[in-house]
Structure formats: structure tokens, C-alpha cells
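Please treat every number below as a calculation from the coordinates, not as lab data. Just so you know, these numbers come straight off a predicted model, no measurement behind them. Glycine also receives a Cβ, built like all others from the backbone with ideal geometry; neighbour counts cover every protein chain displayed.
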Amino acid sequence: MNNHLAVKWTGRIRPCLLPGLHTARFRSYQLTQARFPISQRQFSSIPTRRSSETPNRPTGEPQPQPQPQQSPPRRGSWKPWILFNAAGLTAVIITALVLKSARPTDSSSSSSQNPVINKKSFSPFTITAKEQVSPSAFVLTIRAAGDASKSQSQSQSSWAPLKAAWDHGLWSVEIKQPQLQIARHYTPLPPPPSASDDDDDDDDGENDTGNGNEELRFLIRKLDGGEMSTYLSKLRVGEQVWLRGPHLGFDVERRLGAAENVVFVAGGTGIAPALQVARRLLDDDDDDDNDDGRVEKRREKPSISILWANRRATDALGRQQRQGSGAGKGSWFSGWRGRESALSAKEEQIQTEGSSLARHILEMQRRHPGQFQISYFVDEEGSFISPRELGAALEEARKASLLPAALSCPWHSAAMLEKLPDDNDTDRYALACACARDKNNTSTEAKVGANLICVSGPDGFIEAYAGPKRWYSGTEMQGPVRGVLGRLIKEMEGENWLVLKL
């Protein structure tokens, strides 16, 4: 073979040898050898033509495996996916519009589905007023956030849970401390009675219509070291608090039955549930059918006697005449739940007689002179609720002919009351009174019922007068009656008295 090769280029035709010269065919494996250093870059632009002949490889050379031909990947089209997603989005929008148009347009229906408060989550309320009623206590007034923008019908419908709570009687709510993520139960004060309202008004029996029913008031006393009271005392008008509830308590009307006496032992801010009971039994007229287990309307209102203990005279709101302020011996009440904030001489001169709570108490005394009585006991004056004072209140109770309570009665039996898992009587409305069906009760003139002794206040206060509550299986039970009342009840054996620890 000649060492000189003449290569002819004609456009994109494959290069070949000139005529007359020896024809040379290069194999691919020979082109890579060093003695024929022909660069493949010279032929990179010339398309190769596949040869039908299989090149002969030297003996011992590994035969290459035929590679399967791969078709180029198909590129997916994006247009069908765009159209599919657009169609789905359009269907969702149309469905949402149809469902929205199908909702009832009645404002009361929408408001009833969105009450201002519920038992599952905390709802915002706005502080509308903050009144300092004593050097250590204040009344906090709140209203549901955004409730002012609602119409009257919407507002009344959204407040339906609280309206039902007022009709029940005893109830409370939880207030949350967002920084510490804790919550405490607080009992709302009843709406203040109007001085122009009389007992025989021909309205629908509600004296708390209007703004009084759309606001909640709480009596709060600031204590040194108290997380919730300190937090609430720092809030200003216009700021928000978070509430959950309402949590219903004892049905005092059904438990009282035909009895005529309620004695309330209150310590400090425990006056709030006492005023709730007084409102339910004295101000409300229950003319509705008793399908829910309530008793029928009373012919005569019961007598309510409140024994209210406070540490300082300035906290005895509504007391018109002050007793001697000389400090006597301190009672056990001075040590409950820590010491209160120190008071300056200027703060001691606050006139509590003009506070809203004092006017509330005085108005209740004016409206019900024969049924509403309140006695004040001040620790710094040396007076406290002694067994003699408490026994005198029980002896002054009006006597009524009552059937002895059946041991199995869920409403009037003290033994059954000790074992109740909670104080929510709404879960027991379906249970019937067993006193009238008791075989031992043969009287035909006696009535069914039980006189009530309610104790409310700090834990130490309740424990001293009625004994501690008991925890069982994660619930707080009433437990047996101990303390001062436990001894008095034993001396009054044969009379129907129920002790409710609030």
C-alpha cells in the first residue's frame, strides 16, 4: 500500500481514494493504532453510512454484542394537563358558590351557629369597663369581641348559651392566661337589677334584657403571687381576654324543691355564686313547662340568708353601718391562699358604698326585704362566722313539712350527693326524684324537697366549714360533710339539709 493517500472531498460525500490508486479500507480498530494516526476530527462532519458487511476481527478479539436500537423518548404534552387542572378548579369554584348560595340568609340562624362562647375552645372578649370597688378588688366588665357591630337579633341569638346558663342558675366560665397557658374558673356576677323594675311587671319575666344580658361582670381580688389575678389586674379597657364555657353547676331550684330555706356561707369573692342563687330563686319566674325536669312555678319565694366573710372592712360592699374597727383576734380566714396586696392609707379611704356591686346588694335588699338577708363578718374587726352564728342562721329557717329524703334520691339524698362525680345537674335531668316513691314515706301532706346550705370561697374556707372535696378517677367529688357544718348537721338530725360545696 502506498504511503501517500490522496483524499478527495466532494461536499458531504464520503472520502475515497483517487482512481488508479490502490483501494484501501480502514477498519475502525486500525484507525486507533499509532502507525496510522488519522484524526477522526477530519471526518466529524461527514455522515457515516452503515455497511451491511460485518467487519472481520482478528482471531481472539472479543466480538461486540449488538446494541438494541433505542427510539428517542417521547416528549409529553403539557397542554392536556393545563386544561384538566383548569376544569377541576372551575368545578370547585362553582361548587363553592352553589353551597354558599344554599346557606340560609337568616341572620339569626348564622348567629346561632356561631355563639360568642363554647366549651371546646377559648373565645375573645373585649374589656369594656374596669371598676375598682375596693382597694384590693375590682369588677371587670367584658363583651364578646365584634358583638357591638351585630344587630340586636344577631346579638341575642349568639348569646343563647349564656342566656341558657342564666336560666339554669349556677354556672362559671374559664379565663385563660395566655403567657402561662393556664386557666381558672370565675363565676360571673348577675346583671344589676334595675330600681324601676317591680316583681309584678308584665314583661316576659326577664329583668336582664338589653346590655345587661350581653355583658359579663366578674368580681376579682388581686392576691400577691396570684398568677390570674395579677394578669387580669394589669389589663386595660379595650384589651381582650379569652373565655371558655359556660360550665353549669347545681340546679338549686330542683334540689330545693318545696323547701323554703337557703343559707349561703361565702368567703371573699364567693359572694358571686350567692348572688347567682338569689337571682335564680327570687328574680326569675319559671313559667315554662317542666319538660327538662324543673319544678313548677313557686307560690312563695324562699328565704335566702347570706353570711359573707371578708378580711377588711373595705371589702364588705353594701354594708351601710360599720361596726367598731378595733382589731380583735385574727381568725383562720386571714391565712387563706396567701396574703393580699398591702394597702396604703389613701386606698383605705375609698368609698365602696357607691360601687356597682354595693348598689346591686342594696337593691336586692330593697326588692326582697323578707327573702334576702346578708350578714357581714370582717376579720380585722374580730368578727367571723362562728358555729354559734351559723347555728343561729339555721335555727331561724322557716319550718316546712318535708318528706324525708330517700337514700336513693339523686336530688335530695345527702348520701347520693357525696358520690356525685361533678356538680353538673344538667346531665341528671332525666333522673326522677325517689322521695315520693319511698315506702317509708306515708305522709300525704308533706312535700318533697331539701333545705340548702351552700359554701363558696377559697379551698381553705370550704374545707373549714364543710370539709374538703375528694378526687376520684380524675373527677372532683363532693365528699362527706365535715368541719363546722358536719357537727351542726348531726345535731339537727331528722331535718332535710343538703350541703353544696361550690
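If the chain linking Leu97 and Ser356 were pulled fully straight, counting 0.36 nm for each residue of separation and taking away their Cα-Cα distance, it would gain 88.2 nm.
Each of Asp423, Asp284, Asp459, Asp315 was scored by other Cβ atoms within 10 Å of its Cβ. Listed from fewest to most, they are Asp459, Asp284, Asp423, Asp315.
Stretch Asp167-Ala87 to full length: gain in nm at 0.36 nm per residue minus the Cα-Cα span?
23.5 nm
Cβ crowding within 10 Å ranks Tyr429, Tyr472, Tyr465 as Tyr472, Tyr429, Tyr465, fewest other Cβ atoms first. The residues Leu407, Leu170, when put in order of fewest to most other Cβ atoms within 10 Å, stand as Leu407, Leu170. Note on region 354-502: percent of Cα-Cα distances in each 10 Å bin, starting at 0 and stopping at the bin with the largest distance, equals 9, 31, 35, 21, 4, 0. Which is farthest toward the positive dipole end of region 228-282 among Gly267, Gly238, Leu256, measuring Cα position about the Cα centre, with Cβ charges +1 (Lys, Arg) and -1 (Asp, Glu)? It is Gly238, whose Cα lies furthest towards the positive end. Here r is the Cβ-Cβ distance between Glu227 and Asp459 and R0 is 22 Å; the resulting FRET efficiency, rounded to 0.05, is 0.90. In this simple spin-label approximation, Lys79 and Met492 carry label points 7 Å from Cα along the Cα→Cβ vector, and these lie 9.3 nm apart.
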